[in-house]
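Novice: Here's a structure for you.
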Amino acid sequence: MEYIHIKNLEKYNPGYKDRDLIWGKIYFTMVSGDPDCAMIEEEIDWSRLVKFILIELQTKKPIPINPIFLGKIGFNLKKRPIHLTLNALHKFVEVCNTSVTECNDMLPREEKRREDKSIKRGSTNGFVAPTEDEVRTYCSERNNDINPTTFIDFYASKGWMVGSNKMKDWKAAIRLWEQRDKDNPNKSGGLTNADRRSLGMAEK
């Protein structure tokens, strides 16, 4: 039997480690501006892509290309044969030709990479340090001038400590940097002079 596996599945993962997933990430850029998404012409293929993402995130298994199973999850294969959908979604999905093991082998590696990154970024007491993309997205939403790389490097260099305590909420730290920028517009990227000296960034 063949199986469908979502490429870069971790991209759509909300990142929860302590609870069952009840949602996945779908990005606005997927429907406005992404050239790969623009090539998906059929609305039915769009809905199937979303369903593929959610099912694999929830089950942590690739989706079997089985007419009975696909029918049970709502696919009308008479209206739109699955091979046409797979052709339309080739930028997003791949087919494992031998066994479910082949696809499953991909999942632990992706999960392991996320865990390794969390360890390197610093994860204690339930806090998981953000990725640079997460910081960039949040800063974009708030329309601030904070440099995501600087933010990540600054707190990574401190072991994600805030004073003598472990950080609890990185988004709150972003908002604090915003306030510092407003209070001192001559400051760079949300860093105080003491912060910049600690990173070796102070002007000579």
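The values are calculated or read from the model by the stated rules, or taken from the named source; none is laboratory data. A quick note: this is a predicted structure, and the numbers were derived from the prediction, not measured. Positions of Cβ are backbone-derived with ideal geometry, glycine not excepted, and every protein chain shown enters the neighbour counts.
Novice: Regarding the range 18-38, can at least one residue be identified that is among the basic types (K, R) and in contact (Cβ under 8 Å) with a residue 24 or more places away in the chain? Reasoning before the result, please.
Specialist: In the first step, residues of the range 18-38 are kept if they are among the basic types (K, R); the result is 19, 25.
Right, trim to in contact (Cβ under 8 Å) with a residue 24 or more places away in the chain and you get none.
No, because not a single residue in the range 18-38 is among the basic types (K, R) and in contact (Cβ under 8 Å) with a residue 24 or more places away in the chain.
Novice: Does the range 170-183 include one or more residues that are in a loop (DSSP other than H, G, I, E, B) and either at pLDDT 55 or above or touching a Phe, Trp or Tyr at 6+ places or on another chain (Cβ under 6 Å) (or both)? Step through it out loud before you land on a result.
Specialist: Of the residues in the range 170-183, the ones in a loop (DSSP other than H, G, I, E, B) are none.
No, the range 170-183 contains no residue that is in a loop (DSSP other than H, G, I, E, B) and either at pLDDT 55 or above or touching a Phe, Trp or Tyr at 6+ places or on another chain (Cβ under 6 Å) (or both).
Novice: Any chance the range 83-92 includes a residue that's more than 30 Å from P130 (Cβ to Cβ) and either in contact (Cβ under 8 Å) with a residue 60 or more places away in the chain or loosely packed, with under 11 Cβ neighbours inside 10 Å (or both)? First the steps, then the outcome.
Specialist: Quick first cut of the range 83-92, residues more than 30 Å from P130 (Cβ to Cβ) only: 83-88, 90.
Restricting the remaining residues to those that are either in contact (Cβ under 8 Å) with a residue 60 or more places away in the chain or loosely packed, with under 11 Cβ neighbours inside 10 Å (or both) gives 86-87.
Yes - at least one qualifying residue is present in the range 83-92.
Novice: Can you list the helices (runs of 4 or more DSSP H) lying wholly within the range 50-150 that have 1 or more residues being among the small types (G, A, S), in contact with a helix residue (DSSP H, G or I) (Cβ under 7 Å, 6 or more places away or on another chain) and at pLDDT 90 or above?
Specialist: Numbers: elements: 67-72, 82-88, 100-104, 106-121, 132-142.
Hits in the range 50-150: 82-88.
Novice: Hey, another quick one. Of all residues in the range 10-49, how many are in a loop (DSSP other than H, G, I, E, B) and either surrounded by fewer than 16 Cβ atoms within 10 Å (Cβ to Cβ) or among the polar types (S, T, N, Q) (or both)?
Specialist: Narrowing the range 10-49 to residues in a loop (DSSP other than H, G, I, E, B): 13-27, 31-34, 39-42.
From the residues that got through so far, the ones that are either surrounded by fewer than 16 Cβ atoms within 10 Å (Cβ to Cβ) or among the polar types (S, T, N, Q) (or both) too are 13-23, 25-27, 31-34, 39, 41-42.
Number satisfying all stated conditions: 21.
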